[in-house]
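Notes follow once the structure below has been shown.
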Amino acid sequence: MIKSKPILSINNLCVNYLTKSSYKNKQQYAVKDVSFSMFQNRSLAIVGNSGCGKTSIAMSVLKLIKPESGQVFFNGKNIHKMHRSELFNFRRQVQPVFQNPDEALDPLMTIEKSIRMALSSNILKSQKRDMIISLLENVGLGQEHLKKYPYQLSGGEKQRVCIARALSTDPKLLILDEPISSLDISNQAKIINLLKDIKEKQNLTFLLITHNPNILKFLIDDVAIMKDGEVLEMSSYNEMILNSQNEFTKRFFRNEIG
Amino acid sequence: MNVLQLKRFNLSVNVNEYPVKILDDITLSINKGKINTIIGESGCGKSLLCKSILKLLPVDSEYSGAILFNHHDKEYNLLADIDLQQVRGKIVSLLFQNPSSSLNPVLKCGSQIIDILPHNKKASKSSKIEFALDLLNEVSFQNPMEIFHKYPHELSGGEKQRFALALAIGCKPSLLIADEPLSSLDIDLKHNFIELIYKLKKIRKMTLLWVTHDLDFAQKFSDNVFVMYCGNIVESGTVQDVFENPSHPYTQALLNSFQSLKKDRPESIRGNISSFQNLPKGCNFYPRCDYKKSICTDTSPEYSEVSHGHIVKCYVQEK
Ligand SMILES: Nc1ncnc2c1ncn2[C@@H]1O[C@H](COP(=O)(O)OP(=O)(O)OP(=O)(O)O)[C@@H](O)[C@H]1O
Ligand SMILES: Nc1ncnc2c1ncn2[C@@H]1O[C@H](COP(=O)(O)OP(=O)(O)O)[C@@H](O)[C@H]1O
Ligand code: SF4
Ligand SMILES: [Mg+2]
Ligand SMILES: [Mg+2]
């Protein structure tokens with residue numbers, strides 16, 4: 001088998017939030033020495049309990065926070081050593097969909113404008129509106145939403161706008177942080193199917209962050225289990241379901257409600 | 001005993017300078033010490049319903065009907081500001097859907113909790129801190145002191161949600177309204193939430209009105225369930241009525257979709273929720289309904305009782 005080059009590699013990543021407010025300036029490692037690689041068309045889920053460091057990894061990969069140590073490589077390039085044009089490309093090719101759609105949308109921009117801003121400047125102005133309409137349609141939102149502001153949408157509607165916007169730059173890697181946890185059941189099903197579809201059609205790879213083990217089987221090839229800032233184990237989804245010996249992992253997948 | 005009653009409550013909000021009707025003829029009553037669950041598709045008006053109860057409405061909203069709240073044999077009219085002031089954040093509190101929006105970004109978590117202490121001028125500093133740490137403990141923080149010293153933006157998604165919960169229960173409300181309190185929590189924390197509610201229900205007879213998309217939890221832990229669609233309550237009854245004998249086509253479709261997520265192919269409900277600016281004539285659900293009759297496209301159905309207390313707004317169930 002020819003081993004392809006990883007699309008994303010993380011080496012010895014440590015994230016430490018040492019803020020002024022930190023209690024007695026205690027060091028708080030949110031992420032401790034995490035390493036893994038991701039390959040094109042093999043989507044990875046990072047799962048683990050609340051506060052274990054999942055979002056901190058996502059933020060580091062997106063270059064939205066600076067890790068204390070360790071490196072992140074996208075297509076072999078260290079994201080902290082990219083030139084302006086490389087960085088520009090990186091930002092288009094790696095798109096986030098966050099846990100909280102409210103923090104992701106500018107409250108003063110209409111939905112149409114939010115997506116328009118993300119569209120490439122190469123696209124003709126006359127085509128943009130049609131593209132925006134079809135991007136929204138893709139996620140189940142009609143034209144009546146174009147002129148609305150985020151506050152006029154429900155939580156689920158906002159999350160769909162975020163997904164539409166993320167897709168607008170034709171990305172390669174989507175970083176999805178709890179993408180469906182704010183949606184209702186029917187929309188969860190819709191978004192899972194949508195993500196499945198676009199994954200194939202647009203040749204996308206996902207880095208999915210979730211504490212909901214139920215959605216993994218639909219979208220994911222590999223799984224990394226995190227606890228207290230560390231990756232406990234990582235393997236293919238099927239392998240993990242069948243063979244994991246780790247108690248924490250087993251409990252996680254049982255996901256029982258008592 | 002009824003704690004809360006909504007009578008023919010209607011709400012219109014302002015969208016691009018036009019009033020748009022969202023909540024339509026909502027009538028419901030909630031019994032003391034019960035867990036009451038609202039379920040339904042995003043955008044159907046669940047959050048606006050929660051906010052209406054404490055009159056936290058968008059500017060230029062228009063409403064009609066009545067919202068009545070009972071506490072210690074006194075009846076409060078929550079649409080009247082004088083009554084509302086005695087109740088909001090004291091006897092009734094609301095946990096918002098999006099915790100960040102309700103937290104003060106420039107105050108440390110500890111100070112925010114101390115601020116909600118009743119008569120907080122008299123208490124000593126150490127007793128205030130103790131109160132805050134206890135409260136943080138109650139919402140499952142293992143390191144309350146660390147959270148005490150953090151700002152809200154320094155919390156993870158699940159931590160924010162729990163911190164907002166701490167603020168909401170800090171005033172010892174007799175009615176807690178919680179809008180999707182589970183969405184950022186992992187399975188263990190979801191359990192802790194339910195345990196906490198049970199505890200408060202037991203020691204203080206607290207009543208819960210909550211919204212959730214987690215139908216596993218809704219089924220397991222509710223006493224009564226309200227199903228909303230396009231601003232109406234289309235079905236309501238005990239949890240057994242709704243989950244074991246779903247009688248509105250929308251409830252059936254929702255539960256079907258819920259089951260499909262446990263299988264191999266997720267199935268959504270066909271079509272999209274109609275926009276409030278463009279509601280269909282007749283039954284709001286008919287564009288997506290597999291059981292529609294000709295009358296459905298013409299006149300909206302009335303409420304009918306399938307069995308005692310099990311109410312459905314659909315022609316199929318009308319006797
Ligand atoms: N800006 C920050 N400053 C200080 N501490 C932070 C900051 N952001 C996160 N943390 C802490 O780092 C740890 C990991 O947070 P992170 O957001 O990565 O968790 P998570 O796994 O995404 O959790 P959740 O599922 O609840 O969203 C948590 O203990 C959190 O309190
Ligand atoms: N402040 C507001 N101004 C105008 N429209 C709003 C406002 N808040 C919500 N809406 C609209 O009202 C409908 C119901 O919203 P919401 O109550 O948030 O739904 P849910 O909580 O059921 O997802 C949606 O169509 C939404 O777009
Ligand atoms: S009233 Fe008619 S259209 Fe509406 S849910 Fe019932 S059968 Fe379907
Ligand atoms: Mg997170
Ligand atoms: Mg809502």
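The values are calculated or read from the model by the stated rules, or taken from the named source; none is laboratory data. Every value quoted in this text rests on a predicted model; they were computed, and no experiment measured them. Ideal geometry is used to build each Cβ from the backbone, glycine not excepted, and the neighbour counts take in all protein chains shown.
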**Request:** Restrict the check to the range B:82-92 and report whether at least one residue is of a type in the set (Val, Ile, Thr), within 14 Å of chain A (Cβ to nearest Cβ) and either closer than 30 Å to residue B:249 by Cα or more than 16 Å from ligand 5 (Cβ to nearest atom) (or both).
**Result:** no
**Request:** Could you check, for the range A:111-130, whether at least one of its residues is part of a helix (DSSP H, G or I), farther than 16 Å from residue A:189 by Cα, more than 16 Å from ligand 3 (Cβ to nearest atom) and within 12 Å of chain B (Cβ to nearest Cβ)?
**Result:** no
**Request:** Look through the range B:9-41, keep the residues that are in contact (Cβ under 8 Å) with a residue 60 or more places away in the chain and assigned to a loop (DSSP other than H, G, I, E, B), and return whichever of them is nearest to the other protein chains (Cβ to nearest Cβ).
**Result:** B:41
**Request:** Could you grab me the full set of residues in the range A:195-209 that are within 15 Å of the chain's Cα centre (by Cα) and either surrounded by fewer than 19 Cβ atoms within 10 Å (Cβ to Cβ) or modelled with pLDDT under 90 (or both)?
**Result:** A:195, A:196, A:198, A:199
**Request:** Output the qualifying pairs, or none if there are none: Cβ atoms under 9 angstrom, residues six or more apart or on different chains, first residue in the range B:92-121 and outside the structural domain of residue B:182 (by TED's automatic domain parsing), second residue in a helix (DSSP H, G or I) and within 16 Å of ligand 2 (Cβ to nearest atom).
**Result:** none
**Request:** Give the residue that is farthest from ligand 2 (Cβ to nearest atom), with candidates limited to residues of the range A:16-35 that are at pLDDT 95 or above and either in contact with a helix residue (DSSP H, G or I) (Cβ under 9 Å, 6 or more places away or on another chain) or within 8 Å of chain B (Cβ to nearest Cβ) (or both).
**Result:** A:34
**Message:** What's the total number of residues in the range B:262-281 that are buried (at least 19 other Cβ atoms within 10 Å of the Cβ) and farther than 17 Å from residue B:44 by Cα?
**Reply:** 1
**Request:** Looking for whichever is away from chain A (no Cβ under 14 Å), within 10 Å of ligand 3 (Cβ to nearest atom) and in a strand (DSSP E or B) here; the options are B:306, B:312, B:316. Which one fits?
**Result:** B:312
**Prompt:** If we only count helices (runs of 4 or more DSSP H) wholly inside the range B:150-262, which ones have 3 or more residues that are within 16 Å of ligand 2 (Cβ to nearest atom)?
**Reply:** B:249-260
**Fill in**
Among A:235, A:181, the single one that is in a loop (DSSP other than H, G, I, E, B) and among the small types (Gly, Ala, Ser) is A:181
